[in-house]
Amino acid sequence: MKRQIPTETVSVTKNGTGSTRREFLFATLGLTLTGAVATLPGRAFAASVLSASVAVKQFISISQAITEHKHLDTVLAARFFQAFSQRDAQFGPRLTQLARLLQPGMSAQQLLDQADKAGLHDFLYQIVTAWYTGTVGNDYHGTLVAYKQALMYQTVSDGLIVPTYCGNGPIWWTAPIPDEHSSLIDSL
């Protein structure tokens with residue numbers, strides 16, 4: 001004779017917070033997936049810069065040569081390129097003409113001399129000005145592309161902060177807290 005075991009109803013009790021462990025895990029998984037999906041547009045933009053068009057690569061090469069900074073931010077370069085392209089319909093053809101003048105190992109002065117001979121002196125200065133000031137255009141309708149990343153602040157970053165209304169620079173709260181035996185604290 002078989003003995004039948006009565007089936008019991010399993011009751012899921014809440015833990016006082018209004019949710020079960022399983023609901024918590026699903027919510028955590030959902031938030032993680034949402035965060036991962038939210039970062040995709042930024043990653044997609046960075047990937048598009050890395051596989052950028054020939055014109056953007058030319059712009060980066062010219063920018064590296066004229067500023068003599070070999071490690072320029074490619075995302076920032078793509079933003080400068082986009083701002084120049086929207087502002088000036090002749091930007092692409094003049095950039096191509098300037099790229100033809102650029103030779104491997106050419107110094108900034110040599111590139112400037114070649115650009116001067118080709119009538120692109122002012123055009124080249126616009127690119128240099130954009131990198132150092134962070135803006136494209138020198139009128140009231142200029143486009144701000146970078147502030148903290150502008151090259152004019154990198155040259156003095158060891159002694160000066162980027163000027164803002166906050167005396168410690170932008171996003172100052174992300175810097176590590178000074179050591180208690182720091183000379184900075186002693187001088188206060």
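General remarks:
- Meets criteria (in contact with an Asp or Glu (Cβ under 7 Å, 6 or more places away or on another chain) and open to solvent by 30 Å² or more (accessible area, probe 1.4 Å)) for GLN126: no
- Residues that are open to solvent by 60 Å² or more (accessible area, probe 1.4 Å) and part of a loop (DSSP other than H, G, I, E, B), drawn from segment 129-153: ASN138, ASP139, TYR140, HIS141, TYR147, LYS148, GLN149
- The number of residues in segment 105-155 that are more than 18 Å from ARG94 (Cα to Cα) and acidic (Asp, Glu) comes to 1.
- Taken over segment 82-113, residues that are assigned to a helix (DSSP H, G or I), out of contact with any strand residue (DSSP E or B) (no Cβ under 8 Å at 6 or more places or on another chain) and small (Gly, Ala, Ser) amount to 4.
- Any chance GLY169 is at positive phi and at pLDDT 90 or above: no
- Within segment 61-93, if we keep just the residues that are farther than 20 Å from THR143 by Cα and charged (D, E, K, R), the residue that is surrounded by the fewest Cβ atoms within 10 Å (Cβ to Cβ) turns out to be LYS70.
The values are calculated or read from the model by the stated rules, or taken from the named source; none is laboratory data. If you're wondering where the values come from, they're calculated on a predicted model, not measured in any experiment. Here the Cβ is made from the backbone with ideal geometry for all residues, glycine too, and neighbour counts use every protein chain on show. Please note that ligands, DNA and RNA were not included when accessible areas were found on the heavy atoms of the full protein model with its side chains. Shrake-Rupley method; radii C 1.70, N 1.55, O 1.52, S 1.80 Å.
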